[in-house]
Amino acid sequence: MSLHTLSLKRLAAGLRAREFSSVELTRLLLARIEAHQPQLNALISQTGPSAMQAAAAADGLLARGGGGPLTGIPLVHKDIFCTEGVRTTCASRMLDNFVAPYDATVVAKLKAEGMVMLGKTNMDEFAMGSSNETSFYGPVRNPWNLKRVPGGSSGGSAAAVAARLAPFASATDTGGSIRQPAALCGVTGFKPTYGRVSRYGMIAFASSLDQGGTLTVSAEDAALVLRAMAGFDPRDSTSVEQPVPDYVAGLDQPLSGMKIGLVREFFEKGLDPDNERCVRAALRVYEKLGAKLLEVSLPNLALSVPAYYVVAPAECSSNLARFDGVRFGHRAKDPKDLMDLYKRSRGEGFGAEVKRRIMTGTYVLSAGYYDAFYIKAQKVRRLIANEFEQAFTQVDVLMGPTTPTAAFELGSKTADPITMYLNDIYTIGANLAGLPAMSIPCGFSQDLPLGLQLIGRHFAEGRLLSAAHAYQRETDWHTRVPPGYE
Amino acid sequence: MNNETWETVIGLEIHAQLATKSKIFSASATTYGAPPNAQANLVDLGYPGVLPVLNQAAVTMAVKFGLAVSAQVTPLSVFARKNYFYPDLPKGYQISQYELPIVARGHMDIVLEDGTTKRVGITRAHLEEDAGKSLHEGLGASSGIDLNRAGTPLIEIVSEPDMRSAREAVAYMKKIHTLVRYLEICDGNMQEGSFRCDANVSVRRRGTEKLGTRAEIKNLNSFRFVEKAIHFEVARQIDIIESGGKVLQETRLYDPDKGETRSMRSKEEANDYRYFPDPDLLPVAVDAAFIASVRATLPELPDEKAARYASAFGLSAYDAAVLTASRELGDYFEAVVREFREDPKLAANWVMGELSAALNREGIEIGASKLGPARLAGLLRRITDGTISGKIAKEAFEAMWASGEDADAVIASKGLTQISDPAAIERAIDEVMARSPGQLADYRAGKDKLFGYFVGQVMKATGGKANPAQLNELLKKKLAG
């Protein structure tokens, strides 16, 4: 039995039935990490010894008839979530030496469920990037093709799940950072409604857009983990005080009568024909399942990328001001004076893309530019949110491609930030509007996976998960394992 | 400084530390004087990943203040980030309020010494967090940072440029000081920095409308410094203009040792704070029901109390303002009046006079007075019932202050009872007249001024105890022959 290819749901059942132990499962996955890490570079930190202890503890709990549905299931956390006693780098030289003295709420919740942390995943530095090439620890490679990027910023998390190194990886999505790598690595990526999952302990990139979520093989697995991750957190004022429905129990909602909106603008110029073919094929599956397709339009969606690249850098320029070499993180050697300490600590600690965004953000917030950039971008954001709201008066779920193309080659876009930024053209809208959205595998283009994006109403996580689950019962794209990782 | 040619224009930004138990965005305590960084948690330290959570008590206090200055309470106020780098500012930004402060457009009336009232506009009052502080002493070439104060809640109360002299500025600041303590939203401790202000000062030629270029004097933490700093600054600015120069817009610091202000940074060097709404915090929603619930907790405010003193006790506006300058002083005064209803004006004079002098002399607050209100009332009653004269009462007061005994005990033990027996007074008059034949002759020859001499002599002979009214009457009769 090759445990690593089993779904999280099946693993949970196996652990409860004592078919295998968490220690066995953990040992197996740690060995896989060790074997594949040199090629993939999916992890920044590995926590084998503490994982074995946690697995043994989970087994003890299960043997006594205790534990919950996630007890003993291994996971990896994106290295943006603070983990007490284990360093949290955000893939930056700035935090290369940073060990948080506390657990992020997401980490604490899943730890309390008895999940076993195997390590922390590589990512774009401070989650700024779409290819995982901005990491201080080097790029992650796509398990489907080692010359290709895994997407970003949650590239390590997506690659780890695709390579079956862990059944679940936590991730964050500010402009597509869960969905885009999910699409490029052929896994299921879920970004909840803004405020559904606590941001406490998740190192901030752009506070009004950041949202924690899941990378798993299937929607069903995502539902299992999301149920445990979501919920109001008194330590995060932007988390929403609304009960968390049982996403697992709601998975089998019928599709008949569901109205699917096809966003016209998603299918205009820039979309690769293979992507369009796969997405249209997926939509036919939905039609067969009883859903109705309607075309809708989001005319201002084209403005989402520029609006995003004002708002996100503005917030990042302020959020990253705390990295000043004074209290934690990288500190320049032998500073001459305070200004020298600031300039060199930050100059040495941050990479090029992070600096670019800090400078952009500082510029758009400056006196004389604030109204022309920041305020205008917020207005565009409101317009886009209104257009989504309008669309949701006609349809239940919006669908389209997650990305314009399949995974591109490492290094092919690093010289041109604008081309790189346009990779998120389909995903950014959901962040600007705070909507739940996901990407599920829907086919291949030249042996590289492609993703179908689903966007729902605020707090309609259950609707999205059940729609994705229905598709995944009809198709097997999500169960495909990259060659060499079976 | 009032000058024939120049008019001074002053606006104040007062920072009052709110008396909450914990910080504005974290659960750390706000107690003063803890060892450095003992009251700084991960939120105060600005650790990666942490988030601010607004302390409800700070909002309640700010609303309380807004209601007390007849201001508008903003239904949806917004926290903003003020971005700048400084070691005592852990996040690299201060969470404050910018475009939408919680309190807007109020006012405060001040009573000037000549009894006139002046209204000072309050532009806004906003909530914000305090920064930490840098320590430079005893650390060699390094500096230390103490973040205990970082995150302490403040309200910054911004006035209109309505004040025209240092004296008005001090009166306004004192009035706000009084108010925040009445409301129990700030302990008012200026030494510890709980109450401090920045003064915006400019001068213009009398009769002109346009405001002169202002200098902002930072961090004034005593009423005396406010007055001195403004005086210095006004003279400096007038001097510059009169000698053909231009006042620069800049931030200045007051040096209490030298009694002067000096430049800290010019407008060109000023930070661009890049304010924007803090995405970690939701707008603060304050609805009518909440405002009503806060309004219900308001105590009688200084102005209301002063008006009551004026109408119920017949006090002047100035006296009423003095007695209501602190809640404790007013409480004391009213306790005296409760025991001694006969003459509230007399009670007011004694509280503002002898009692305040004694408190000042010993440097203690009214709560620590060695003479309780009932005791003072007992003393006043002995004045109005003629047992002792007002003058003797001052002696009795000192004895009561020293011994803690009541008025009657002091009067008895020191034999201070007033002599109101006409025969006894006449006897004393006769003795004085007998030994002052020269003065008597002069008086009778028309030197009326010598009347005072005879009063003094008789008082001396009776140990000051002769009933003054009786003495006057009898002496006049006797001297007339």
Practice task
For residues that are away from chain B (no Cβ under 11 Å), in a loop (DSSP other than H, G, I, E, B) and not acidic (Asp, Glu), scanning just the range A:307-334, find the one that is surrounded by the fewest Cβ atoms within 10 Å (Cβ to Cβ).
Solution key: A:Lys333
Practice task
Assess whether B:Pro52 counts as being assigned by TED's automatic domain parsing to the domain that holds B:Leu147 and without any contact (Cβ under 8 Å) to a residue 40 or more places away in the chain.
Solution key: no
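Using the structure shown, decide if A:Pro404 is away from chain B (no Cβ under 14 Å) and part of a loop (DSSP other than H, G, I, E, B). Give the steps one after another, and end with the answer.
Values: away from chain B (no Cβ under 14 Å): yes; part of a loop (DSSP other than H, G, I, E, B): yes.
Yes: the conditions hold for A:Pro404.
For (1) farther than 20 Å from B:Tyr93 by Cα; (2) hydroxyl-bearing (Ser, Thr, Tyr); (3) touching a His at 6+ places or on another chain (Cβ under 8 Å), each residue gets a yes or a no:
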{"site": "B:Val120", "(1), (2), (3)": "yes, no, yes"}
{"site": "B:His126", "(1), (2), (3)": "no, no, no"}
{"site": "B:Ala131", "(1), (2), (3)": "no, no, no"}
{"site": "B:Leu139", "(1), (2), (3)": "yes, no, no"}
{"site": "B:Leu147", "(1), (2), (3)": "no, no, no"}
{"site": "B:Pro153", "(1), (2), (3)": "no, no, no"}
{"site": "B:Glu156", "(1), (2), (3)": "no, no, yes"}
{"site": "B:Ser159", "(1), (2), (3)": "yes, yes, no"}
{"site": "B:Ala166", "(1), (2), (3)": "yes, no, yes"}
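Quick one: which helices (runs of 4 or more DSSP H) lie wholly within the range A:1-85 and hold at least 3 residues that are closer than 22 Å to A:Val481 by Cβ and either without any contact (Cβ under 8 Å) to a residue 40 or more places away in the chain or of a type in the set (A, V, I, L, M, F, W, C) (or both)? Before you say what the answer is, go through the steps one by one.
Details: elements: A:8-16, A:22-40, A:48-63.
Answer list for the range A:1-85: A:8-16, A:22-40.
Can you tell me which residue within the range A:168-179, out of those that are over 8 Å from the mean Cα position of the chain (by Cα) and either modelled with pLDDT under 95 or not in a strand (DSSP E or B) (or both), is surrounded by the fewest Cβ atoms within 10 Å (Cβ to Cβ)?
First, pick out the residues of the range A:168-179 that are over 8 Å from the mean Cα position of the chain (by Cα): A:168-169, A:174-175.
Checking the rest, the ones that are also either modelled with pLDDT under 95 or not in a strand (DSSP E or B) (or both) come to A:174-175.
Details: A:Thr174: 27, A:Gly175: 30.
Here the answer is A:Thr174.
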Exercise for the section: Hey, could you check the range A:130-167 for residues that are farther than 30 Å from A:Glu348 by Cβ and among the charged types (D, E, K, R) and say which is surrounded by the fewest Cβ atoms within 10 Å (Cβ to Cβ)? Expected result: A:Lys147
Completion exercise
Note: among B:Gly353, B:Gly378, B:Gly330, just one is surrounded by fewer than 13 Cβ atoms within 10 Å (Cβ to Cβ), in a helix (DSSP H, G or I) and in the same structural domain as B:Gly404 (by TED's automatic domain parsing), namely B:Gly353
Problem - Residue satisfying condition, being modelled with pLDDT of 95 or more, in the same structural domain as B:Arg205 (by TED's automatic domain parsing) and closer than 30 Å to B:Lys175 by Cβ, within set B:Ile240, B:Ile230 - result: B:Ile230
Problem - Single condition B:Thr31 does not satisfy, out of (1) of a type in the set (Val, Ile, Thr); (2) at pLDDT 95 or above; (3) surrounded by fewer than 19 Cβ atoms within 10 Å (Cβ to Cβ) - result: (2)
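Say we look at the range B:17-32 and pick out the residues that are of a type in the set (A, V, I, L, M) and within 18 Å of B:Phe79 (Cα to Cα); which of these is farthest from the chain's Cα centre (by Cα)? Show your work before the answer.
Step one: filter the range B:17-32 for residues of a type in the set (A, V, I, L, M), giving B:18-19, B:24, B:27, B:29.
Imposing the further condition that a residue be within 18 Å of B:Phe79 (Cα to Cα) reduces the set to B:18, B:24.
Numbers: B:Leu18: 17, B:Ile24: 26 Å.
For the range B:17-32, the residue satisfying everything is B:Ile24.
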Exercise for the section: Can you work out which of the residues in the range A:261-283 that are touching a helix residue (DSSP H, G or I) at 6+ places or on another chain (Cβ under 7 Å) and assigned to a helix (DSSP H, G or I) is farthest from A:Leu294 (Cα to Cα)? Expected result: A:Glu276
Problem - Failed condition for B:Val59, given (1) closer than 24 Å to B:Arg124 by Cβ; (2) part of a loop (DSSP other than H, G, I, E, B); (3) of a type in the set (Val, Ile, Thr) - result: (2)
Completion exercise
Of those in the range A:1-32 that are buried (at least 16 other Cβ atoms within 10 Å of the Cβ) and of a type in the set (S, T, N, Q), the residue modelled with the lowest pLDDT is A:Ser7
Practice task
Take the residues in the range B:191-236 that are among the aliphatic types (A, V, I, L, M) and surrounded by fewer than 18 Cβ atoms within 10 Å (Cβ to Cβ), then tell me which one is farthest from B:Val9 (Cα to Cα).
Solution key: B:Ala235
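The values are calculated or read from the model by the stated rules, or taken from the named source; none is laboratory data. Predicted, not measured: the structure shown is a model, and the values here were computed from it. Cβ: placed from backbone, ideal geometry, glycine included. Neighbour counts: every protein chain shown.
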